[in-house]
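Taking it in order: structure first as structure tokens, then the write-up.
Laboratory data are not the source of any read-out in this text; all were calculated from the coordinates shown. These numbers were taken from a predicted model, which means no experiment stands behind them. Ideal geometry is used to build each Cβ from the backbone, glycine not excepted, and the neighbour counts take in all protein chains shown.
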Amino acid sequence: MLDERAVQIGYVTEIYRFVDEFSPRRVTNALSSSASMGEKCGGVRKPAIFEHPLPQGEASVEYDISLQDIPEDRAVALIFDVGLRDGVKFDDPHSPFNGVRFALEINGERVFEEEVHECRWRSNLIDLSEFVGKEVKVRFITDCNGDGNANYDWALWGDPRIISITPSTQIKRFRSGLLLYEMEGGKLGYFEFSFPEGRPAEQVARQLVPQIEGECGGDVIQVCICSYLPEPALFGLNLSKAVVSPGENFEVRCFVENRGKAPIEPDHRLLVSLESLELRRDSRNRPIDRLDPGESLLLRWQVRGNPKETAVNAEVSLSAVIGGERISRRVARRVELERAVTKPPSRPPGELRTYNQANCLVLENRNLRALFVTDEEGFRYIEIYASGGETFYHVANLKPISSLIYRNREGETRELNLVPETFSIGGDLSSGSVTLSSKIMDEEGVLWRFEASFRLDERGRWLEADYSLSVDSPRSLLRFSGPTLYVGDGSFGSRKSFALFPGLEFLEDGEVSSSTRDADPPINLRLTPHPLKITIPLIAIEDNGYLVGLMWDQLQRWDGRNVTLSATFASPNWHENQDNHLISLFLPTVPDWVEENDRVAHKPYQISPERPIRFSCKILAEGGVGILDAVERWIEAYGLPDPQPQPRSDEEELLLCRHALMETVWDEGTGKSRHCVGWKPANTPGFATLLWLDYLASRDEEVRERVELIARNTIRDEGPGGLASTVNCHILKWEFPFYWGYLREGVQAARRQVYSLIQQQEPDGSWRFRPKDEKTRELGREGDAVLGICASRALTVLKFARITGDEKAVESGLKALRFMDGFKVPRGAQSWECPIYEPDILAAAYAVGAYVEGYRITGDEEMLRKAEYWARTGLPFLYLWSLPDRPGMLYASIPVFGTTFYTHSWFGVPVQWNGLVYAYYLQQLAKHNPSPIWKKVAEGITVSAMYQQWSEGDLKGTYPDGFYGFCTEGRGPHINPENILVNLFTLRGVDPDISTEIIRRKGGRIHINSPAEIEEVEFEDGLLKVKLNFVEDAPDHIALFNVDEPTIILADGGFIPEVSRIEGVKQGWIYDREEKAVYVRLYHRKPLIEVEFRWIEASGEKPTRPILSKGFISSLTGSMLRRSYKVLRDIGFRRFEGRKASALLSHSHRRPKGKDERGKRERRSRLRLITRRR
């Protein structure tokens, strides 16, 4: 039993938190390293550093820390836990796990080393008392345990901290704190505790020591029970608006926060007071009785304006009794007041105008107005207005015009607000401009020259802004501000409808930027992100149809050498605690000079007379538009980029994909395919569909044999209905039976899949979040509905409804679309690992597909408009710019603006399979939408995936799940190329999907389906004629739904027999009375065949009505561009003399070149797939 004399008590203070101070610059030789406030190990979440070692060498995270200011009588220790991140597969046969070695070094001496083989936190304590008064270097080290195996080496350093202990005999009760202990044998450790109510030290020891001894397997010989202290702090002191005029009443705001780990309670006597200013109402003193750890409280004081004052000196103080001592804190801020502006008439002019009025310059057209406000010193700020049609509406203030922060020769930081004192007005009939400039001599005699030019075109919807800065002697620059917009300042305030920062944020209504809803700290912070996390260089805020934003070119060389600008975003403006939204640009850039999420450089940029700084941007202000129009404005300004040249020709790409399907993801032992390299194999008819198209083009017998093997094994294991399986596929769904056979069984299997989904559908048409297990339960509220969950299921149901006309599916799918009309932001399509509320490109993809399917069924143009809306929501996830040395970056797709399980960040990490699914449904939209943008974007996404694809080695033909290192490093799992191949086929006009035509009649719809292109349909008086264009010497399967049993079926006038089964015959048909469906197997001896279905005896010639031309048949094909089957063999696959068929695709039929054969050439094989490209 522990001797009572071995129990000491005191207060604990945290001196240094390693998680808070983590930076990627501290990391060496790690496969991956990050810091998070919420890593889970053994189901217990805590702040941690993640350090995944490489297969060779030691990974290291290094810190330099000063302990010089700590009193020598204090005990100082480094405490931490070690463990493995939850999710390690200890029994994975393909990626065996062998443990991780953890080590800790202090000033080069190894003071801790341990191997870890389990997901359980293990606490440790290192005595640092000998280092008090010194500088120390701390290295956190991991390695793969010595044999080059880094599988699942998900090493976590749990909440490492340096603490100091202050002995005290005055503490009577302990509510939260640390129990530090020493075991027999000398091992030191700690136990963190928290109780609902305070307890005496003896009770704490009696409760916790046995638990520690049980876990550690030894006796505790000494403990120190340390109480945490509350830590009240003040921050965010500011006025509620960026622009306040003399005499105007205003609000002072300040946060008080408890940064300690113990609650603030009444006996701490915490009081916060506003000093000196005259209040309109309320008390200046605010007592605070309770504040939990980490909790903050916003305090507001309503202040009476004084017309005689030109500045506000706000000061807030805090006092409290903490640890038996009275403490005080004080913050102060001086805010310059601005002269009120005399505003011109609110009605927009009919022409471009630039003029001087009272104390401002005016630059305006019918869409936008800028007021350049001046006082005795110069131009202070700019008011931005957008036209709502009949009137201008104040939407933002730009303040100051610019500012700079520099370091003088003594190393001291200095700040200057740049207030231009001179101006010039220029322009012509098509554009007007205002140029502001100033010269400032600093305290060391260096002359700074600044100029800002603003230009507005006659019908422009944005201001062109050009900023420049130069010096006559070298200077250490820490910050040069471009436009700083306070959106909503003095008008709609912190309210918004939407906000967009592509690659990072897509907010609606009251959502807050940099929120921890979808990402744990510090991942959540997106105040000033790394420029390579920004997919489209723009930031925009929309409130009720008024749009304000900044747009810029990331590749402009602002000093003649360096590219990318730093951007700041806070919505609402939590960063400055104001009632507006903050968006701004500045230099130098993250991360070379500025730490991510800082606004001042940590490493000065050396500006010199030889290298002035110049950059440009566009200030967007427009009424009557929405948030997605910001992306369109960016494209108008900078252009939609052309896709990169393909890294290989179409033919080479197809051969690469063939290798992946037949070798890389094929499991020879089971005769099955894998979704990813090393994953469990399964029968995959979707891959057989792609290989069958390959065979029809190449006539390569090895490919045909593989297709037959997949079909045979699937039927053996799962029955004929298994050929409709969607396993291992992201896009393909039910196509293979239409190409191969067993069509009726395939349709029945698809119906079972769809009816199962319908059974899970809610009465309102939605599908809801239903977590599978405890791990996914934390990803959202059970029962919530988000777009991605609904749209993915609606797409499946509606595709089946389009093919079959099944009324139950039609009703379910259309009800789902009506429910989906309520969503505005794409979220929640990846609920197996991602928080369901984070914006998600896959949700946009499924919504596009679902609404296009709805249009195909109904012909309702409104559904096409909604499909286009969701297509537009996907664009912010795509990189529309790239660095020259990263061709795979252009059109690479960020999967979500968030994380996996809150700790694995996807900011700046493309997941191209997500984008490829989006690309495919863009192509479906493009068949019905005249805009060329969608096909171009789809091609760009596909080409990016081709750059990410492995062209050699064991991974050949696959592509990585994640494209890390800002598009420089592919990491597994490594995915089969289905998505690439489906998109490439479709881009070249051979969509593997099923072609569908729908005839509307009084008795309902007839749905006609085939893998062939349905070129023409005629239906009248019991006679249906269908012209099909497909590959010669190949089978074709047709399915008609909602029809009576036909009397006779003819193909090019030849009789097609009714049979008991269509499998095993060259041609034949069957009728399913229960489904009211006709299933036909044809054989294309030539590409174009006319098939007749007769339900009456036809005598003589009757005129038939070409329904397609009259609009009675919806052109609702899944392969509208299938006429490019004719390009498959001719151009993409040619016979190469002397080459093996297994090595190269070959052309199986020679085409006549005579003049009389031209017409035939136009109608020959529709399966000459891919245009040869380089």
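Cβ crowding within 10 Å ranks 551, 441, 946 as 441, 551, 946, fewest other Cβ atoms first. Rounded to whole numbers, the Karplus 3J(HN,Hα) couplings from phi for the range 271-285 are 9, 10, 9, 8, 8, 6, 5, 7, 8, 7, 6, 6, 9, 7, 9 Hz, using 6.51 cos²θ - 1.76 cosθ + 1.60 with θ = phi - 60°, and x at Gly and Pro. 3J(HN,Hα) along the range 162-177: 9, 10, 10, 10, 10, x, 7, 9, 8, 7, 9, 9, 10, 9, 9, x Hz, from the Karplus curve 6.51 cos²θ - 1.76 cosθ + 1.60 with θ = phi - 60°, whole Hz, x for Gly and Pro. Residues whose amide H falls under 5 Å from that of residue 221, counting only those 5 or more places apart or on a different chain, are 182, 183, 184, with hydrogens built in the peptide plane.
Between residue 295 and residue 517, the contour length at 0.36 nm per residue exceeds the Cα-Cα span by 78.3 nm. Residues in the range 835-872 near a label at residue 778, defined as backbone nitrogen under 12 Å from the 7 Å Cα→Cβ point? In the range 835-872, the label zone of residue 778 (backbone N under 12 Å from the point 7 Å along Cα→Cβ) covers 835. Once the mean of 1/r is taken over each pair of separate Cα atoms and inverted, the chain shows a Kirkwood hydrodynamic radius of 33.9 Å. Comparing 224, 719, 467 along the charge dipole axis of the chain, the residue lying farthest to the positive side is 719, per the Cβ-charge model. List the trypsin sites (Lys or Arg not before Pro) within the range 693-791 that fall in a DSSP loop (any state other than H, G, I, E or B) and whose Cβ has at most 15 other Cβ atoms within 10 Å. Answer in residue order: 772, 781. Dividing the mean sequence gap of close Cα pairs (under 8 Å, 6+ apart) by how many residues the range 650-754 holds gives a relative contact order of 22 percent. Using C-alpha pairs under 8 Å with a sequence gap of at least 6, the mean separation divided by the residue count of the chain gives a relative contact order of 7 percent.
Under the shape rule built on the C-alpha gyration tensor, where the axes satisfy a ≥ b ≥ c, the range 763-987 is oblate, since a/c reaches at least 1.5 while a/b does not exceed b/c.
Computed from label points 7 Å out along Cα-Cβ, the spacing between residue 1052 and residue 134 is 9.3 nm. Between residue 94 and residue 709, full extension at 0.36 nm per residue minus the direct alpha carbon distance yields a gain of 218.9 nm. The spacing between the range 794-872 and the range 116-130, judged by their C-alpha centroids, is 51 Å. Does the range 650-754 come out rounded, prolate or oblate, given a ≥ b ≥ c as the square roots of the eigenvalues of its C-alpha gyration tensor, rounded meaning a/c under 1.5 and, failing that, prolate meaning a/b above b/c? It is prolate, given that a/c is not under 1.5 and a/b is the larger ratio. For residue 952 and residue 701, the FRET efficiency from 1/(1 + (r/R0)^6), where r spans their Cβ atoms and R0 equals 35 Å, is about 0.85. Per-residue Karplus couplings for the range 762-774, computed as 6.51 cos²θ - 1.76 cosθ + 1.60 with θ equal to phi - 60°, are listed in order as 7, x, 7, x, 8, 10, 10, 6, 10, x, 7, 7, 5 Hz, Gly and Pro entered as x. Only helical runs count toward this figure. For the chain, summing -39,500 (n - 2.57) over DSSP H runs of n ≥ 4 and dividing by all residues gives -5500 deg cm²/dmol at 222 nm. Span-like helix criteria (full DSSP H runs; alpha carbon extent of at least 24 Å along the helix axis; mean Kyte-Doolittle hydropathy of at least 0.5) are satisfied in the chain by 787-804, 841-858. Here is the list for the range 134-187: trypsin sites (Lys or Arg not before Pro) lying in DSSP coil, each with at most 11 other C-beta atoms within 10 angstrom of its C-beta, are 172. The dipole here belongs to the range 4-177: it is taken about the Cα centre, uses +1 on the Cβ of Lys and Arg and -1 on the Cβ of Asp and Glu, and is about 760 debye. Remark: the range 232-336 is approximated by an ellipsoid whose semi-axes, taken from the C-alpha gyration tensor as √(5λ), come to 28, 12, 11 Å, largest first. Under a model in which nothing but the beta-carbon of Lys, Arg (+1) and Asp, Glu (-1) is charged, the chain shows a dipole of about 3820 debye around its Cα centre.
Our note on the geometry: Cα centres of the range 179-200 and the range 278-357, 45 Å apart. On the basis of the beta-carbon distance and an R0 of 22 Å, residue 375 and residue 441 show a calculated FRET efficiency of 0.55. Measuring spread by the Cα atoms of the range 304-397 yields a radius of gyration and Dmax of 20.9, 71 Å. Mind running the shape call on the range 126-180? Use the C-alpha gyration tensor, a ≥ b ≥ c as the square roots of the eigenvalues: rounded below 1.5 for a/c, prolate if a/b tops b/c, oblate otherwise. Oblate, because a/c is 1.5 or more while a/b does not exceed b/c. Pairwise Cα distances in the range 471-514 exceed 13 Å for 70 percent of all pairs. Based on C-alpha pairs under 8 angstrom that are at least 6 apart in sequence, the range 4-177 has a relative contact order of 35 percent.
Between the beta carbons of residue 72 and residue 233, assuming R0 = 35 Å, the FRET efficiency works out to 0.85 to the nearest 0.05.
Residue order for 870, 154, 881, fewest other beta carbons within 10 angstrom first, comes to 881, 154, 870. Taking amide H as placed 1.01 Å from N in the peptide plane, residue 962 has its amide H under 5 Å from the amide H of 971, each at least 5 places away in sequence or on another chain. Ranking of 808, 40, 1066 by neighbouring Cβ atoms within 10 Å, starting from the fewest: 1066, 808, 40.
A simple charge model with +1 on the Cβ of Lys and Arg, -1 on the Cβ of Asp and Glu and nothing else charged puts the dipole of the range 763-987 at about 340 debye relative to its Cα centre. Here the gap between residue 278 and residue 359, fully extended at 0.36 nm per residue and compared with their Cα-Cα distance, gives a gain of 26.2 nm.
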